[in-house]
Each structure stands twice: as structure tokens, then as C-alpha cells.
1. Given the structure, is Leu94 modelled with pLDDT under 95, assigned to a helix (DSSP H, G or I) and either β-branched (Val, Ile, Thr) or surrounded by 15 or more Cβ atoms within 10 Å (Cβ to Cβ) (or both)?
2. Please specify each residue of the stretch 42-52 satisfying the condition of being within 21 Å of Ile25 (Cβ to Cβ), of a type outside the set (A, V, I, L, M, F, W, C) and surrounded by 12 or more Cβ atoms within 10 Å (Cβ to Cβ).
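The values are calculated or read from the model by the stated rules, or taken from the named source; none is laboratory data. Just so it is clear, the structure is predicted and the values come from calculations on it, not from any experiment. A quick note on method: Cβ atoms are made from the backbone with ideal geometry, for glycine too, and the neighbour counts reach across all protein chains shown.
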Amino acid sequence: MRSSDRNPCGIEESIEDAKRTMKLIEEGKEVKKEVGVYFTSFEVFRKALTPKRLELLHVIKARNPKSIKELAEITKRDKKNVSEDVKYLEQNGLV
């Protein structure tokens with residue numbers, strides 16, 4: 001894998017972890033609870049954590065941008081859309 005193909009923010013790892021957890025839930029197996037935000041259904045989870053919102057969370061953690069403008073530049077997204085997504089994540093206790 002070329003270094004340019006790697007994702008420095010670990011989005012793939014988080015998605016794979018979420019997939020493993022959802023599979024355990026589907027199988028009726030117990031999942032170890034951790035401190036954090038919990039969702040009442042998979043549908044709510046998918047609405048709250050879209051791929052672009054997950055990317056924002058990882059960039060915020062990894063790069064610690066100082067503004068919405070900087071976050072938008074890093075993610076190559078429109079500032080208004082980034083602002084709306086960050087507001088949504090904040091309202092749901094994720095930021």
C-alpha cells in the first residue's frame with residue numbers, strides 16, 4: 001500500500017470495530033459496554049454517523065483543527081456543510 005493510500009485517522013478501523021459489534025448484537029451475544037454515546041437502533045446510528053461525520057470525528061481527534069474553516073480545508077469539504085455536521089455531532093454529545 002502506498003503511503004498516500006493509507007488513512008491516518010483510522011476510519012477503517014472504527015468502521016470494522018462497529019461492524020464486529022453490530023454482528024455480535026445481531027447474533028444476540030453480549031457486548032461489553034463502554035463509556036460513550038449509545039444508539040437505540042442501527043437506523044439512528046447510520047443517521048448520526050455518516051461516513052463524512054465519522055471522518056470529521058477522526059480528523060478532529062487526530063489533527064485537532066482550531067476552527068471549522070481549518071477542518072473544512074483538511075477534509076476538502078464546504079465550510080457550511082462541515083459546520084452543520086459539527087453542530088449535529090455536538091448536539092448528540094459526540095463533539
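1. Numbers: modelled with pLDDT under 95: yes; assigned to a helix (DSSP H, G or I): no; either β-branched (Val, Ile, Thr) or surrounded by 15 or more Cβ atoms within 10 Å (Cβ to Cβ) (or both): yes.
No, not satisfied.
2. Narrowing the stretch 42-52 to residues within 21 Å of Ile25 (Cβ to Cβ): 42-51.
With the extra rule that they be of a type outside the set (A, V, I, L, M, F, W, C), the set shrinks to 43, 46-47, 50-51.
Passing the criteria: Lys47, Thr50.
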